[in-house]
Amino acid sequence: MKTVYFDSAATTQVRQEVVDSMQKVLTECYGNPSSTHAFGRSAKTIIETTRKTIAKQLNALPQEIIFTSGGTEADNMILRCAVRDANVTTIITSPIEHHAVLHTVEELRNEYDVTVEFVKLQDCGTPDYEDLERLLTANDERKLVSLMHVNNEIGNILDIKKVATLCKSNNALFHSDTVQSIGHFEWDVQDVPIDFMTAAAHKFHGPKGVGFAFIRKNSNLKPLIFGGSQERGFRAGTEPVHNIKGLETAFVLAYQNLDEERAYVQELKDYFKEALKFAIPNVKFNGNCDDKVKSTYTLINVCLPMSPEKALTLQFQLDLKGIACSKGSACQSGSGKGSHVLMHILNEEDQQKPSVRFSFSKFNTKEEIDYVVSVLQELVG
């Protein structure tokens, strides 16, 4: 059976160079990086070199990079510590954030009695910047804004510099879940006055279980995890040196090949979109799909003109055909909880149709797209 992996927004295929670099560390550099002997110093060097590599690419300071287990931990750590340590009493976010943010914010509301405000959304799902400014200027409460740079379901790109500037001018902190954009877009944290960012290596062809947080100097945040003095005392626990090395390798390769791979993946997305429109004339695309400035090149969210009855088995049928993608339907005839993102942006009629996210990488081909389009055309009928 032919197999096609179009779910890179969930996790990416690991580059062979990453596997090789991790294996070398696992077999040759197994010392505890907190140990003072040569084995430990060798492991520590890998960690600090990776920290400097990331900082240089982001135009940050090495001490502003904290290694974590991934994006979810980094989001939790930043949001919780900002409320606890930075006197934040109001969090402004959107209803279509990743659950790593939304669930954390809900817990903070219950635990610390934090005020939570949700910015209005435009029809396409982009936050309304005028409403954000209204929320920022509503009172003198200490505020933190948390808005993701690239939406993981519909691919909308936030005007991050605009938001960061709004926050800065209103003395608010700004956190962005940048898990879908680190490794896929250029960054300069001196040009964009953002306070906190998060990343996960497995979103850019690195290993799972490792990521990092960017926490701007003098943010006054204190540790969330206590124990040892790792990560300059900010995050206790023995560092996974092999994973950090894998992160570095994937990170370096992502930016070395960024222009070439971005052009290739964008071409795949455009090809897929046009092929779908030809094969299924009534197909729709969720979010800002038609705008290359406002939509990421890495994914597309498709609303298919299918009856609710057919929609019930769509994901199962795709899996039977060897196609890996992500279900994203807001409502499928009581088949379970749908996408909270699509629930907020689709009209009632489109909520009854199945929406599917297809996400691409350098490892995909046009031949795979032709196969997927033919299967979808058959299933839609």
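The values are calculated or read from the model by the stated rules, or taken from the named source; none is laboratory data. Everything quoted here is computed from the prediction, not taken from an experiment. Positions of Cβ are backbone-derived with ideal geometry, glycine not excepted, and every protein chain shown enters the neighbour counts. What goes into the accessible areas is simple: the full protein's heavy atoms, side chains included, and nothing from ligands, DNA or RNA. Shrake-Rupley method; radii C 1.70, N 1.55, O 1.52, S 1.80 Å.
In the chain, with Lys and Arg counted as +1 and Asp and Glu as -1 at Cβ, which of these residues, VAL241, HIS202, LEU253, has the Cα nearest the positive end of the dipole, that is, farthest along it?
Final value for the positive-end residue is VAL241.
Tell me, what is the percent relative contact order of the stretch 112-170, built from C-alpha pairs under 8 Å that lie six or more residues apart?
Numbers: 35 pairs, mean separation 16.2, N = 59.
It comes to 28 percent, rounded to a whole number.
Given R₀ = 35 Å, what would the calculated FRET efficiency be for PHE278 paired with THR3, taking r from the Cβ atoms and rounding to 0.05?
Working: r = 24 Å, r/R0 = 0.70.
Rounded to the nearest 0.05, the efficiency is 0.90.
Using 0.36 nm times the number of residues separating SER229 and GLU28, minus their current alpha carbon distance, what extension gain do you get?
69.9 nm
Over the chain, what relative contact order in percent results from Cα pairs under 8 Å that are six or more residues apart?
Reported relative contact order: 22 percent.
Give me the one-decimal nm value for the distance between modelled label points at LYS168 and SER219, 7 Å along each residue's Cα-to-Cβ direction.
Using points 7 Å along Cα→Cβ, the separation is 1.6 nm.
Using the basic label-point model (7 angstrom from Cα toward the beta carbon), what is the GLU106 to LEU258 distance in nanometres?
3.5 nm
Work from the charge dipole of the stretch 38-170 (Cβ charges, +1 for Lys and Arg, -1 for Asp and Glu, about the Cα centre) and give the residue of VAL101, ALA43, THR137 farthest towards its positive end.
ALA43
Starting from the Cα-Cα distance between LYS120 and PHE316, subtract it from 0.36 nm times their residue separation and give me the gain in nm to one decimal.
Working it through step by step, the gained length comes to 67.1 nm.
Return the ratio Rg/(2.2 N^0.38 Å) for the stretch 270-373, where Rg is computed over Cα atoms only.
Values: Rg = 13.4 Å, N = 104, 2.2 N^0.38 = 12.8 Å.
Here the answer is 1.04, to two decimals.
Using the basic label-point model (7 angstrom from Cα toward the beta carbon), what is the ASN347 to THR45 distance in nanometres?
6.4 nm
As a test, work out the antiparallel percent of DSSP beta bridges whose residues both lie in the stretch 85-165, rounded to the nearest 5.
Of the beta bridges lying entirely in the stretch 85-165, close to 20 percent run antiparallel.
Cross-link partners among lysines for LYS168, C-alpha distance below 28 Å, same-chain residues fewer than 8 apart left out?
Within the straight-line cut-off, LYS168 pairs with LYS52, LYS56, LYS120, LYS143, LYS217, LYS222, LYS292, LYS294.
Using a Förster distance of 25 angstrom, determine the FRET efficiency expected from the C-beta separation of GLU17 and LEU61, and round it to 0.05.
Efficiency, from the Cβ-Cβ distance: 0.35.
Explain nothing, just compute: Karplus ³J(HN,Hα) = 6.51 cos²θ - 1.76 cosθ + 1.60, θ = phi - 60°, for every residue of the stretch 186-199 in order, whole Hz, x for Gly and Pro.
6, 9, 8, 6, 7, 7, 9, x, 8, 8, 9, 9, 9, 8
How high is the FRET efficiency between TYR271 and LYS337 when r is their beta carbon distance and R₀ equals 41 Å, given to the nearest 0.05?
So, using R0 = 41 Å, E works out to roughly 0.80.
Give me the percent of accessible area attributable to carbon and sulfur for the stretch 266-381, probe 1.4 angstrom. Let's see the in-between values first.
Working: 2710 of 5260 Å².
Taking all protein chains in place, the stretch 266-381 shows 51 percent carbon and sulfur surface.
With a/c under 1.5 counting as rounded, go ahead and sort the stretch 1-125 into rounded, prolate or oblate using the C-alpha gyration tensor (a ≥ b ≥ c being the square roots of the eigenvalues; past the cut-off, prolate if a/b is larger than b/c, else oblate). Before the final figure, lay out each step's value.
Details: a/c = 2.65, a/b = 1.45, b/c = 1.82.
Cα axes put the stretch 1-125 in the oblate bin.
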